[in-house]
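K.L.:
Here it is, the structure in full.
Each value in this text was obtained by applying a stated rule to the coordinates, not by laboratory testing. The model shown is predicted, which means the values in this text are computed figures rather than measured ones. With ideal geometry, Cβ positions are generated from the backbone for all residues, glycine too; neighbour counts draw on all protein chains shown.
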Amino acid sequence: MALKDRFRLRVGCTFTYRLAGSVPALVQVAARRGESVDVLRETWELDPAASLDELSDPYGNTIHRTTLGPGTSHVRYDATVGVPGQPDEVRPGAHQHAIEALPAEALHHLLASRYCESDALAPTALDLFGDGPAGWPLGQAICDWVHENVRFREGSSDLTTSARDVFARREGVCRDFAHLFIAFCRAMNIPARYVFGYLPDLFVDPSSSPMDFCAWAEVYLDGRWWTFDPRNNQRRVGRVVVGRGRDAVDVAMVTTWGAAELTGFEVWAEESAG
């Protein structure tokens, strides 16, 4: 496989639930339009059939509102997208802004949040990274540390696991890597936000685990946001953003109000020959 200007990808997912009755739900799995991703085709399938209303949240994410069930309920999203054919951008000389010079959007992402307790982890961050240079080298040093000191283990965390837990346990899944990285960045005055989406295995060895959504982070340096991926710690081709926020609270894939047992889950992200 060779690098090219654009890649065409097929991305999507299926969720299957068992419900005793009808349950209102928010679904956030659609490729985020604009920026560098072109959504060429997308389809939704809901069984039983239900209405699907498109909403936008305070972070500009696209969310769909529906009602699931009762009985066995399936939600399926499938899309073809065009993405840049080059790896995530790098700028080793990107400078770190003084706090008083940050725009409001970035300033918001210096605050501690539910899963990223940057205030509590500030003394640790200063001990680990306080003697190093600021800007891009600091972001990369934090990314390197998290990648090298946290072990990836499926099933090692749950919905209550925060950055402090990950630091103490030294294991987690991709969202946990992102949360710890974000908390350390914020503690060192680098604005950082949580990102999740689809990440195909382009130019890397395929994972032995089933395809899943991927979580990474973006930091604000030199007047713009840059991608950092502490789980993989490498520049990748083909990221398709679904949502951004303070942490995973803001970008839940499916939120339900009522008992909904998840019985099936599948994700795909691969180059499309079409």
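K.L.:
On C-alpha positions alone, give me the angle between the axis of helix 174-187 and the longest principal axis of the chain, in degrees, nearest 10.
P.N.:
Helix 174-187 sits at roughly 40 degrees to that axis.
K.L.:
Among Gly172, Thr43, Thr66, pick out the residue whose Cα is farthest towards the positive end of the charge dipole of the chain, where Lys and Arg carry +1 and Asp and Glu carry -1 on C-beta, about the Cα centre.
P.N.:
With unit charges placed on the Cβ atoms, the residue in question is Thr43.
K.L.:
For each of Phe167, Phe7, count neighbouring Cβ atoms within 10 Å of the residue's Cβ, then give the residues from fewest to most.
P.N.:
Fewest to most other Cβ atoms nearby, the residues stand as Phe7, Phe167.
K.L.:
Same structure, new question: Among Cys214, Gly85, Asn233, pick out the residue whose Cα is farthest towards the positive end of the charge dipole of the chain, where Lys and Arg carry +1 and Asp and Glu carry -1 on C-beta, about the Cα centre.
P.N.:
In the chain, that residue is Gly85.
K.L.:
What value, in deg cm²/dmol to 500, does the helix sum -39500 (n - 2.57) over DSSP H runs of n ≥ 4 give at 222 nm once divided by the residues of the chain? Mind showing how you got there, number by number?
P.N.:
On the way: 5 runs with 52 residues, N = 274.
After summing the helix terms and dividing by residue count, I get -5500 deg cm²/dmol.
K.L.:
State the extension gain, in nm to one decimal, for the chain segment bounded by Asp5 and Leu55, taking 0.36 nm per residue of separation less the distance between their alpha-carbons.
P.N.:
14.8 nm
K.L.:
Using 7 Å Cα-to-Cβ label points, what is the Asp88/Phe203 separation (nm, one decimal)?
P.N.:
Each label point is offset 7 Å from its Cα along the Cβ direction, giving 1.3 nm.
K.L.:
Of all GluC sites (Glu not before Pro) in segment 26-88, which ones are in loop regions per DSSP and have a Cβ with at most 15 other Cβ atoms within 10 Å?
P.N.:
Values: sites: Glu35, Glu42, Glu45, Glu54; in loops: Glu35.
Those satisfying the criteria are Glu35.
K.L.:
If R₀ is 30 angstrom, what is the calculated FRET efficiency for the pair Glu154 and Thr43, using the beta carbon separation as r and rounding to 0.05?
P.N.:
The formula returns an efficiency of 0.55 here.
K.L.:
To continue, here is another question. Taking Cα pairs under 8 Å and at least six residues apart, what relative contact order does segment 57-149 come out at, in percent?
P.N.:
Once divided by the residue count of segment 57-149, the mean separation gives 31 percent.
K.L.:
Please give me, ordered by residue number, the GluC sites (Glu not before Pro) of segment 120-192 that lie in loop per DSSP and have at most 12 other Cβ atoms within 10 Å.
P.N.:
Values: sites: Glu148, Glu154, Glu171; in loops: Glu154.
Sites meeting the loop and neighbour criteria: Glu154.
K.L.:
Could you size up the charge dipole of segment 123-195 around its Cα centre, putting +1 on the beta carbon of Lys and Arg and -1 on that of Asp and Glu, and report it in debye to the nearest 20?
P.N.:
180
K.L.:
So if I take the centroid of the Cα atoms in segment 154-187 and the same for segment 111-128, what is the distance between those two points in Å?
P.N.:
Their Cα centres are 12 Å away from one another.
K.L.:
Could I ask something else about it? Can you give the charge dipole size of segment 1-100 about its Cα centre, rounded to the nearest 20 debye, using +1 on the beta carbon of Lys and Arg and -1 on the beta carbon of Asp and Glu?
P.N.:
Its charge dipole is roughly 320 debye.
K.L.:
Oh, and also: Might you report the magnitude of the Cβ-based charge dipole of the chain about its Cα centre, with Lys and Arg at +1 and Asp and Glu at -1, to the nearest 20 debye?
P.N.:
Computed charge dipole of the chain: roughly 140 debye.
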